[in-house]
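These notes concern the structure reproduced below.
Any read-out appearing in this document is the output of simple, stated calculations on the displayed coordinates, not a laboratory observation. Fair warning: this is a prediction, and the values are worked out from it, not measured in the lab. Neighbour counts run over all protein chains shown; Cβ positions are idealised from the backbone, glycine included.
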């Protein structure tokens, strides 16, 4: 097992707070995260959590959905409104609708129990990375992005056409559209797009991007003559500037 | 409030069915009797069905005569006499008297001898003994024997006087029997005036003309007598008046029952359907109360079942999560095996939960592009499962839920991957439905299993299914979700001649026409 702890990439060790009413699970997660370089605090319920949060140095919270007293959803909503640390919600309710509700109430991510421990690790990192990126601009938490009459639901990962019809996006298409939406009016080369999608070290094929983009274009095709994603000869692609 | 509502309800409709039906029957009965009684008592008497002697005489003289009942009495000249002239039928005594009377008087009226006149009564007419005496002839004082001093005006009518002109001395047609004679002799009230008003039941007359021909009046045969017509009119009037009334009342009676049935039918389909309205007759209100109570019980049961499922899921998933964390330190081969077991249990719990909550879906459908959804899904699933070249019609809209549709398709594609190592997806519009087919080249299914596999936990071969890791709920969940969105899901074998070449899972959904797009958008906005 060679999982590099986030501490390697960050200056100080990452502090995680685990809030769960099940003592065994709390202990197990805590142990697992400690083994992977986190400094872990635990709380059995919302009140204990608030005391720990008062310290002010918690970087991420792993929150159980169902707890005695104040439940996870309400805690999550409260934290989100107060601008607290990112939250990953754990839930025994694996239904898609529960996931959506959790995300809409401001959870940064949502995982159904039982989860793969390494996946939890990956999600925590992703959430932290996103939080970093957000400091620079786009608010990743906004559930809906509007552009030219279209709406992109960042939680359900679907497009809403100007006439109200829902258009599904594959994961790849969603990520691609996100890359474009974050950088409207900028010409992007294929390499740049791949970097934004998979991180700088990934190696994917150029052509796969072209296929994805042509599909995305087809879904974005509208009565308007003008393309939302334009091909820039010799460079790559450009998303139509937002007004 | 219910008290108020009951107060405002029309009285008749809220009465028990028993009383409604009883009162309806009584009303109809009373009305029918009343109408006919009124008709009998108040209506003018029907026109006479026979004719007077004057009318007959006129007809014989002129060939035809108008009758008081609106018909015309016609006489026809013939070369040969009718049968009753040549072969006089045998008559009962009263009728003979009567016959003689009529002959004599007609002969007098026409001024011819009585033996040139023949009378015959049609069969089946009311010429009984009683009729001949009581109804048609006399209501005067008792007959007197012999010509009285005051019988002057009456004399020429006396049929039994041999000395009278035209008297049936020789008795053509039977003649007057001796014992009958005295009865008629003294009828003082039978005057010429009265004759005009006495109606005789229709009879046949033949008059031998001077040129040897016979003038014949045949009793007109009418289908129904005026009194019968009057009775039938009464029936008709009754029916005419009662039918609309009975129709209206019956409709009012059946309306609450129909409404009840409709509301009850909705209950079984929709979870959120309003309770059956407690309106109408008492019996219907009682039934509605019972059904509503039952519905509440069922709903509670479903709720508690869902809650139970949720509780079980929660209480199972937390230990599963613990197990998943605990096995992290185990050697890789053991960990992988245990991890698979945990994943299988997790899948089972998830399927059971979606199966119990599928009915909630119908509330959250919205217009969506099924073509785009299918394409994205194939894109995403291509990593997991072999998906062959697809033929997808673009821009097919349906009312549906993206999560549910994704779930259905995922289940179907995973099944194909499990049993046939790959599949092709086809999407096409068929009239007003959109058909989404997942086709595989696997072994297919036995015909009797094509429907049975949709039963929860139905297993074709236990061993095989365990190996491939199915939960036994995939198709049940898929079908429950499809039906919650107004669609259908079915399986059929694909054939090449007689050989099964694979399986087709077909999802049909009602198509949303592009022209209704704007409206749909407005509805969801």
Label-point separation in nm, residue A:116 to residue B:363, each point 7 Å along Cα→Cβ | 3.5
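May I ask for the percentage of alpha-carbon pairs in the range A:6-135 that lie more than 25 Å from each other?
On the way: 1274 of 8385 pairs.
Tail of the P(r) past 25 Å holds 15 percent of the pairs.
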With a point put 7 Å past each Cα toward its Cβ, work out how far residue A:104 is from residue B:447 in nm, to one decimal.
-> 4.9
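Which three numbers, in whole Å and largest first, are the semi-axes of the equivalent ellipsoid of the range B:245-393 derived from its Cα gyration tensor as √(5λ)?
Details: eigenvalues 501, 129, 16 Å².
Ellipsoid half-lengths, sorted descending, are 50, 25, 9 Å.
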Counting only DSSP beta bridges with both partners in the range B:312-458, the antiparallel fraction in percent, to the nearest 5, comes to 80
Given 0.36 nm per residue, what is the gain on full extension from residue B:223 to residue B:430 after removing their alpha carbon distance, in nm?
-> 68.0 nm
Inter-site label distance for residue A:218 and residue B:231 at 7 Å from Cα along Cβ, in nm | 8.6
Cα atoms only, the range A:144-239: Rg and Dmax in Å?
-> 13.0, 40
Theoretical FRET efficiency, 1/(1+(r/R0)^6), r = Cβ-Cβ of residue B:250 and residue B:213, R0 60 Å, to 0.05 = 0.40
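Could you put B:215, B:255 in order, starting from the residue whose Cβ has the fewest other Cβ atoms within 10 Å?
B:255, B:215
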Sites residue A:34 and residue B:302, calculated FRET efficiency, Cβ-Cβ separation with R0 56 Å, nearest 0.05 | 0.80
For the residue A:130, residue A:78 Cβ pair and Förster radius 30 Å, calculated FRET efficiency rounded to 0.05 is 0.90
Fewest-first ranking of A:218, B:285, using other Cβ atoms within 10 Å as the exposure measure | A:218, B:285
What ranking do B:100, B:471 get, fewest neighbouring Cβ atoms within 10 angstrom at the top?
-> B:471, B:100
